[in-house]
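A.B. asks: Could you have a look at this structure, given as structure tokens, before my questions?
The values are calculated or read from the model by the stated rules, or taken from the named source; none is laboratory data. Everything quoted here is computed from the prediction, not taken from an experiment. Backbone-built Cβ (ideal geometry, glycine too); neighbour counts: all protein chains shown. SASA here: full protein model, heavy atoms, side chains in, ligands and nucleic acids out. Shrake-Rupley method; radii C 1.70, N 1.55, O 1.52, S 1.80 Å.
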Amino acid sequence: MNNRCALVSKVIPFSCVDGPGSRLALFLQGCNLRCKTCHNPWTIGRCNDCAACVPHCPHDALNIQAGRVWWDEAHCQQCDTCLQMCPQQATPMAQRLSVEEVVAQVRKVSPFISGITVSGGEATTQLPFLLALFATLKADPLLRHLSCLVDSNGLLSETGWQKLLPVLDGAMLDLKAWDNEHHRYLTGRDNAPIKHSIRWLAGHNRLSELRLLVIPERCDYLTHRRELIAFIRRLGDVPVRINAFHTHGVYGEARHWRSATAEDVEPLAEVLERERIRVIRPALYL
Ligand code: SF4
Ligand code: SF4
């Protein structure tokens, strides 16, 4: 029995947007990037029990006991008022789940899914849990056919990826900007470690998908198209998913940025396709 725990913001038993096929998607709480464009900004921080959200819950689903915030799932109406009130970009609804508890949820839906995707926040910020979860699934004769994927920002070190490699079937990574300064502006961090992770995973046949985010007037892929194309071509036959920025859920200045349309995405998609790079276009525009 593995009792290692993770702070989990959400479990979706059947997702068709978190990797191939129908998948159980596990969203871990906490992220080491600060993307202005994040659609789930309440998954970035960790709750410090400040209680600022408690009086604002319209359904009495939050209270304070012994200095800790308690969430009453039975009363919660998922109205998300508490998320808007949190100064930490956290949620009082995150739960501590053990590997065994997550595996039990996977077992219930296993006949209907093709795998599990761990996302976030940033999945790899809780690496020991991730390792234990994937190892447990791979060791179980009834669950080992399920593919184990991570949706990652790519900040994990090479040492971390090496640990994950034996139990990881694939990773989907984002490169939010080509230029380092622009990447810092959008995410708060350098992109050199992310580019290194992308190259390293491709070299080890674990890069399932590279993701680019088109933000109108604020993305630099076409400015640096030659370097970007050379970089992608060296990865081998890896599909590039182009995501279209939209403001749904976004906090801060990016709330006022323009959402991307097909006209914003097409120039990049066409440039990449001319170079015989496999492109996956946005499924929908909001
Ligand atoms: S989402 Fe938050 S504010 Fe809304 S009912 Fe649930 S705990 Fe209360
Ligand atoms: S979720 Fe946010 S507002 Fe609520 S207690 Fe935790 S840190 Fe404070």
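A.B. asks: Over segment 48-91, what is the relative contact order in whole percent, taking alpha-carbon pairs under 8 Å and six or more residues apart?
C.D. replies: Working: 48 pairs, mean separation 17.3, N = 44.
The value is 39 percent.
A.B. asks: Per the Kirkwood definition applied to all pairs of different Cα atoms, how many angstroms is the hydrodynamic radius of the chain?
C.D. replies: It works out to 20.0 Å.
A.B. asks: Given the -39500 (n - 2.57) contribution per DSSP H run of 4+ residues, what per-residue ellipticity at 222 nm results for the chain, rounded to the nearest 500 deg cm²/dmol?
C.D. replies: Working: 8 runs with 78 residues, N = 286.
Only helices count here, giving -8000 deg cm²/dmol.
A.B. asks: Can you work out the Karplus-derived ³J(HN,Hα) for every residue in segment 152-159? Use 6.51 cos²θ - 1.76 cosθ + 1.60 with θ = phi - 60°, whole Hz, and x for glycine or proline.
C.D. replies: Whole-Hz 3J(HN,Hα) from phi for segment 152-159: 10, 7, x, 7, 4, 6, 4, 4.
A.B. asks: Of all accessible surface on the chain at a 1.4 Å probe, what whole percent is carbon and sulfur?
C.D. replies: Values: 6980 of 13790 Å².
Here carbon and sulfur together make up 51 percent of the probe-accessible area.
A.B. asks: So what are the ³J(HN,Hα) numbers for segment 89-97, from phi and the Karplus equation (6.51, -1.76, 1.60; θ = phi - 60°), rounded to whole Hz, Gly and Pro as x?
C.D. replies: 6, 10, 9, x, 8, 5, 10, 8, 10
A.B. asks: Kindly report the accessible area of the chain per residue (heavy atoms of protein chains, probe 1.4 Å, no ligands, DNA or RNA), in Å².
C.D. replies: Details: 13790 Å² over 286 residues.
Normalised by residue count, the accessible surface of the chain is 48 Å².
A.B. asks: Still on this structure, I have one more. Rounded to the nearest 5, what % of the DSSP beta bridges within the chain are antiparallel ones?
C.D. replies: Numbers: 13 of 38 bridges.
Taking every DSSP beta bridge within the chain, about 35 percent pair in antiparallel fashion.
A.B. asks: Check residue 91: other-chain or 5+ apart residues with amide H under 5 Å from its amide H, H built from backbone geometry?
C.D. replies: Residues meeting the criterion, in which the H sits 1.01 Å from N, are 47.
A.B. asks: What is the set of long-range amide H partners of residue 241 at a cut-off below 5 Å, with H atoms built 1.01 Å from backbone N?
C.D. replies: Distant-sequence amide H within range of residue 241: 210, 211, 212, 280.
A.B. asks: Only four residue types carry charge here, +1 at the Cβ of Lys and Arg and -1 at the Cβ of Asp and Glu. Report the dipole size of segment 209-286 about the Cα centre in Debye, rounded to the nearest 20.
C.D. replies: 220
A.B. asks: Among all stretches of the chain without exposed GluC sites (Glu not before Pro) (DSSP loop, at most 16 other Cβ atoms within 10 Å), which one is longest? It would help to have the intermediate numbers written out before the result.
C.D. replies: Details: sites that count: 73, 217, 275.
Maximal segment without exposed cleavage sites: 74-216.
A.B. asks: Now for a separate question. Full-extension gain between residue 286 and residue 184, please, as 0.36 nm times their residue separation minus the C-alpha to C-alpha distance. Can you show the working numbers first?
C.D. replies: Details: separation 102, 0.36 × 102 = 36.72 nm, distance 2.59 nm.
Here the segment from residue 286 to residue 184 would lengthen by 34.1 nm.
A.B. asks: Now, a different point. Would you be so kind as to identify which of 259, 64, 26 lies farthest towards the positive end of the dipole of the chain, taking Lys and Arg as +1 and Asp and Glu as -1 on Cβ and the Cα centre as origin?
C.D. replies: 26
A.B. asks: While we're on this one: Once phi is turned into ³J(HN,Hα) by the Karplus curve 6.51 cos²θ - 1.76 cosθ + 1.60 with θ = phi - 60°, what whole-Hz value does each residue of segment 243-249 show in order, with x for glycine and proline?
C.D. replies: So the J values, rounded to whole Hz, are 9, 9, 4, 9, 8, 4, x.
A.B. asks: Further question: What FRET efficiency would be calculated for the residue pair residue 192, residue 46, taking the C-beta separation as r and a Förster radius of 45 Å, to the nearest 0.05? Numbers along the way, then the final one.
C.D. replies: Details: r = 26 Å, r/R0 = 0.58.
The pair residue 192/residue 46 has a calculated efficiency of 0.95.
A.B. asks: What residues qualify as long-range amide H neighbours of residue 223, i.e. H under 5 Å apart, gap of 5 or more or another chain, H built at 1.01 Å from N?
C.D. replies: Correct list: empty.
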